[in-house]
Protein chains: 2
Amino acid sequence: MKRELDFYECRHGLGYTSICGERGGVRATLLAFVPLGFDCEVHRLRLENRRRSRRRLTVFSCVEFCLWDALDDMTNFQRNFSTGEVLVDGSAVYHLTEYRERRNHFSFYWVNAPIAGCDTDREAFVGLYNGYHAPQVPLSGQPRNSKASGWSPIASHCVEVELEPGQHGELVFLLGYVENPEEQKWTAPGVPNTERAIAMQQGLGTSQAVAEALVELRAYWDGLLAQCRLTTGDEKLARMVNVWNPYQTLVTFNLARSASYFESGIARGIGFRDANQDLLGVVQMVPDRARRRLLDLAATQLPDGSAYHQYRPLTKEGNDEIGAGFNDDPLWLIMATDAYAKETGDLDVLQESVPFGSNPSVSGTLLEHLRRGLQRVWENLGPHGLPLIGRADWNDCLNLNCFSTDPDESFQTAPNRMEGRAESVLLGAMFVLAGRQYAELCRRRGLAEEAERAGRSAGQMRQTVMEQGWDGEWFLRALRRRGAEGGQPPVRRGSHLHRAAGVLRDGRTGAGGRPR
Amino acid sequence: MKRELDFYECRHGLGYTSICGERGGVRATLLAFVPLGFDCEVHRLRLENRRRSRRRLTVFSCVEFCLWDALDDMTNFQRNFSTGEVLVDGSAVYHLTEYRERRNHFSFYWVNAPIAGCDTDREAFVGLYNGYHAPQVPLSGQPRNSKASGWSPIASHCVEVELEPGQHGELVFLLGYVENPEEQKWTAPGVPNTERAIAMQQGLGTSQAVAEALVELRAYWDGLLAQCRLTTGDEKLARMVNVWNPYQTLVTFNLARSASYFESGIARGIGFRDANQDLLGVVQMVPDRARRRLLDLAATQLPDGSAYHQYRPLTKEGNDEIGAGFNDDPLWLIMATDAYAKETGDLDVLQESVPFGSNPSVSGTLLEHLRRGLQRVWENLGPHGLPLIGRADWNDCLNLNCFSTDPDESFQTAPNRMEGRAESVLLGAMFVLAGRQYAELCRRRGLAEEAERAGRSAGQMRQTVMEQGWDGEWFLRALRRRGAEGGQPPVRRGSHLHRAAGVLRDGRTGAGGRPR
């Protein structure tokens, strides 16, 4: 409600957030977390009367339901404003949009207390032409008991609370999700089966159960973080290394960048490159899941060694809209496999049979995937012997070979121009590292000859990088097309291209730097 | 700013809107319209001091720029929050996002007065975590002279105004759009060519010019509305028939339903059915444009007589995402052509050569298009001899043959089930009308035999409708699959299906009704 507070505190912990505000002697602390083993989010509201008089409070909750598909929600008014459906049963609001017709899932918002009323229609709650900054129902102090039928369904409970001086009380709200098998959708014609929701409410709907679930969550994280401990006299360093960094890497491994300040969570998969990178930081915490992810990623690699740039984690298939042609991608699979193998000692993973292009009839071992990836880069070298730049390679998206003048075309889908012969020094360096890692994996599998061959390639590439990519003081970022006529100078720091691409950093502090 | 006003008035006229508010003795009237012959919107602000003391006012304008693609704006944060670019030059804010790299167009917001400052960054203008309901810059009374670089570019002028008692003054704001030929993009390296924008500012940027443009706009509408006049003693009837109805139909012809309370203006074309219907009401006002639209629509018809359900007005191609299979669509082209021919007497249009499926190598006359459309329906009859229901036919979307249980599948793209033999009484009636119209068009073109054949089909369909679709009191809406086993009753009013489809109206007041 944007009121000035006498006290405010927000604490982010491992898997939970707690927000506390105090005003007029009432302190409200909202704890939110997803408990282990339940498909729901817990909202525990603790209210404390810090004054010497009895207080009567009216509490309004509010969540807004999405209609299952965020992109469709935003664009398909004709459908979505006509379909919203809710059911209020006791202290539970069930969000049932399309459940009757063709969904076997619903969500609910419930509170473990009797309610004085509730609202399920957004416009009724916030007021006409109004917004959440000044919602009319809490401002008026009265629920309107609105029933959403179409438009934008919400769930808002109204709970009356009375607190003696110094007393505190708790309300437990659950925002849950339920799937019913097709044959268990209804308990009677037109009556949705809410058994699973009620079981969740009974299992978690007390202060005691919430406290236990929080303990369980803490133990879960303690177990994950115990895998690797730094002992140091520097408290802040220890906290970063032992807690926040692994926590953050695991969150990233789970969600990638798919919903963030960068990504709206809509209409893209998870990057092949990103997912391999994310894996590097979690192999010690969740080795089994890392193994599974490695195999899933490899399964989207194409038979020619290239890789879909994104994969869809639910279908585990590559994203056809973006396709392949990012020349650094195959090398990341080698690096991720190497990190997994080094951490776990599990070399058997290399012998796992994995499809190419999500097609089970075209398979090879994981090691064969790595071989083709390395080969792919090795066979696509430019006139100086360095790897060709693909689309938006991990070289700060130089896009030297596929710059597009069509504003409706993404650089991620613009085709490489036929004359595109620009080369990447960065990819060359990546090839040196990945080539050596692959060679070592082969050696450990007893494939001496293959190890030897890969090692030679890596060595040769190293020589090329030093000869062509090193100007005596700095590494170049990239080499443009060769030749006197139409030839262009190599890409160094501060060139016109830096400004044009917008995201490029200065060569001296970015991709460049002294050789190691 | 959501302040209580002493006076408020909003007037919608033909092509303009005027909004007036008064508070504290200051009356502000904003007139907005798109003038003929300019790619811009005029905002004329008239300020009047109705008190007996001199007033000093600070006026803040504000528009927010979209980054050219509304869907991408909403979803692609990574791109759009990094690309926003503006240039302030005098009293003009130029929105230049991507102009440097790969656009030859920009927009601008300008005012015909010196400015005391301006803002071009949304967050600076509204304030952190704030919104347009309480923008910080006007609340503080001070421009912040923010410069957008990425994030969300806006244009907000700050103009100081002083008014003597009883005095009024005007400010003219122009929100313009400019395209430059590729070779005229720059006047010097890095300096965008704003000549066309300045010409627009000079041509329209005075109260006098705005008044003239408004007179011109009025004359334009008077001319359109003069094509058809009803003389009656009933003023309200005359106003509806002579002004608002034709105005509304022409707006609909221009914009279809593509941006409205139903449609977000994103990601769909204009309906083939809708566009034909829209045409019926405007043939007397814009016959040339109606003719062009007819031929554009026909060009998306497929060789088998079916039609893309939507076409994209800019590319003039059918929308592949939705495809064809809506069985009423072809009949609407006949009805629209009939209306156009009756109004204009132009029968030559029937001989125009028009592609099928936007493929110029497969063409036929418009008459041939109509013939194939009629034939398409005639050859897709169900067991009772009535037209089969397709996808989301104009029968209130009964979808009897393509109901989908996949919530991610649109009824507009769900395939007809193989056993889909449900029939539409409404389509049968449409066929009777369209068949007669087609027959008459053929007769007038001297094609007696074809006219005879079509008339016979229409007559036969009429008989079938009366025999199969009339229950003695009401017309049925549709017939489900035939046969004792698995047979289902016909669809009448108030059936379960009405509730399931949600949008269905009661049979007695909807598709049903007494025969005429």
Hey, A:C118 hits all of (1) touching a His at 6+ places or on another chain (Cβ under 6 Å); (2) touching a residue at least 60 places away in the same chain (Cβ under 8 Å) but one; which does it fall short on? (2)
Could you look through segment B:374-385, keep only residues that are in a loop (DSSP other than H, G, I, E, B) and touching a Leu at 6+ places or on another chain (Cβ under 7 Å), and pick out the one that is nearest to B:G469 (Cα to Cα)? B:H384
Looking at segment B:182-197, is at least one residue in contact (Cβ under 8 Å) with a residue 40 or more places away in the chain and either in contact with a Cys (Cβ under 9 Å, 6 or more places away or on another chain) or among the hydrophobic types (A, V, I, L, M, F, W, C) (or both)? yes
Any residue at all in segment A:14-26 that is closer than 26 Å to A:V126 by Cα, open to solvent by less than 70 Å² (accessible area, probe 1.4 Å) and of a type in the set (D, E)? yes
Kindly state which strands (runs of 3 or more DSSP E) lie completely within segment B:51-163 and contain at least 1 residues that are out of contact with any Cys (no Cβ under 7 Å at 6 or more places or on another chain), open to solvent by 30 Å² or more (accessible area, probe 1.4 Å) and more than 14 Å from chain A (Cβ to nearest Cβ). B:55-60, B:86-89, B:105-111, B:153-163
Being modelled with pLDDT under 95, closer than 23 Å to B:L302 by Cα and of a type outside the set (A, V, I, L, M) narrows it down to one of B:R421, B:R371, B:R453, B:R376, so name that one. B:R421
Which condition from (1) open to solvent by less than 40 Å² (accessible area, probe 1.4 Å); (2) within 13 Å of the chain's Cα centre (by Cα) is the one that B:D329 breaks? (2)
Which ones in segment A:379-410 are open to solvent by 10 Å² or more (accessible area, probe 1.4 Å), at pLDDT below 85 and over 18 Å from A:G323 (Cβ atoms)? A:D396, A:L400, A:T405, A:P407
I need the full set of residues from segment A:255-289 which are under 20 Å from A:G318 (Cβ atoms) and either among the aliphatic types (A, V, I, L, M) or surrounded by fewer than 14 Cβ atoms within 10 Å (Cβ to Cβ) (or both), in order please. A:L255, A:A256, A:I266, A:A267, A:I270, A:A275, A:L279
Checked against (1) open to solvent by 10 Å² or more (accessible area, probe 1.4 Å); (2) on the phi < 0 side of the Ramachandran plot, B:G373 satisfies every condition except (1)
Tell me, yes or no, whether segment A:411-432 has at least one residue that is under 21 Å from A:A307 (Cα atoms), surrounded by fewer than 17 Cβ atoms within 10 Å (Cβ to Cβ) and within 14 Å of chain B (Cβ to nearest Cβ). yes
Taking the condition of being touching a strand residue (DSSP E or B) at 6+ places or on another chain (Cβ under 8 Å) and hydrophobic (A, V, I, L, M, F, W, C), how many residues in segment B:297-341 meet it? 9
Does A:T29 satisfy being of a type in the set (S, T, Y) and either part of a loop (DSSP other than H, G, I, E, B) or crowded, with 18+ Cβ neighbours inside 10 Å (or both)? yes
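The values are calculated or read from the model by the stated rules, or taken from the named source; none is laboratory data. Just so it is clear, the structure is predicted and the values come from calculations on it, not from any experiment. A quick note on method: Cβ atoms are made from the backbone with ideal geometry, for glycine too, and the neighbour counts reach across all protein chains shown. Accessible surface is based on the protein model in full, side chains and every heavy atom, while ligands, DNA and RNA are left aside. Shrake-Rupley method; radii C 1.70, N 1.55, O 1.52, S 1.80 Å.
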